[in-house]
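This report refers to the structure that appears directly beneath it.
The values are calculated or read from the model by the stated rules, or taken from the named source; none is laboratory data. For clarity, every value in this text was computed on a predicted model and none was experimentally measured. Note: ideal-geometry Cβ built from the backbone for every residue, glycine included; neighbour counts use all protein chains shown.
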Amino acid sequence: MTVMLKSSQVQQNFGAVMDQALTENDVVVERYGTPKVAIVNYSRYQRLLEAEQELLRARLRQASEAASARAAHLPERAIDELIERSRAEACSEGDLR
């Protein structure tokens, strides 16, 4: 269950809020009625980070497979030209030095 608290409540009762996040509830802290941050148990935080990493890995694998499938039908010269064009664009944008 998620508990919504005002930032002033969290400031005044931080120890109790932390205990709540450690034992049972995620705590969402609002400022001026808008959710700003969440306080969650550290093990839950780690699981969220791991899930995010796995999602990013899956997206990268999918993009890589799609690019490989498209490149499979290109002649080597066309692939080399695309690489050089990408390298030039990255250098002009300051991405590669």
* **Some residue of region 83-96 being outside any helix (DSSP H, G or I), modelled with pLDDT under 85 and in contact with a helix residue (DSSP H, G or I) (Cβ under 6 Å, 6 or more places away or on another chain)** => yes
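Per-residue answers, yes or no, for (1) free of Cβ contacts under 8 Å to residues at least 40 places away in the same chain; (2) within 30 Å of Ser7 (Cβ to Cβ); (3) not in a loop (DSSP other than H, G, I, E, B):
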| position | (1), (2), (3) |
| --- | --- |
| Gln46 | yes, yes, yes |
| Glu50 | yes, yes, yes |
| Ala58 | yes, no, yes |
| Arg61 | yes, no, yes |
| Glu65 | yes, no, yes |
| Ala69 | yes, no, yes |
| Leu74 | yes, no, no |
| Arg77 | yes, no, yes |
| Asp80 | yes, no, yes |
* Determine which member of the set Val37, Val29 is of a type in the set (A, V, I, L, M), in contact with a helix residue (DSSP H, G or I) (Cβ under 6 Å, 6 or more places away or on another chain) and either at pLDDT 90 or above or surrounded by 10 or more Cβ atoms within 10 Å (Cβ to Cβ) (or both). => Val29
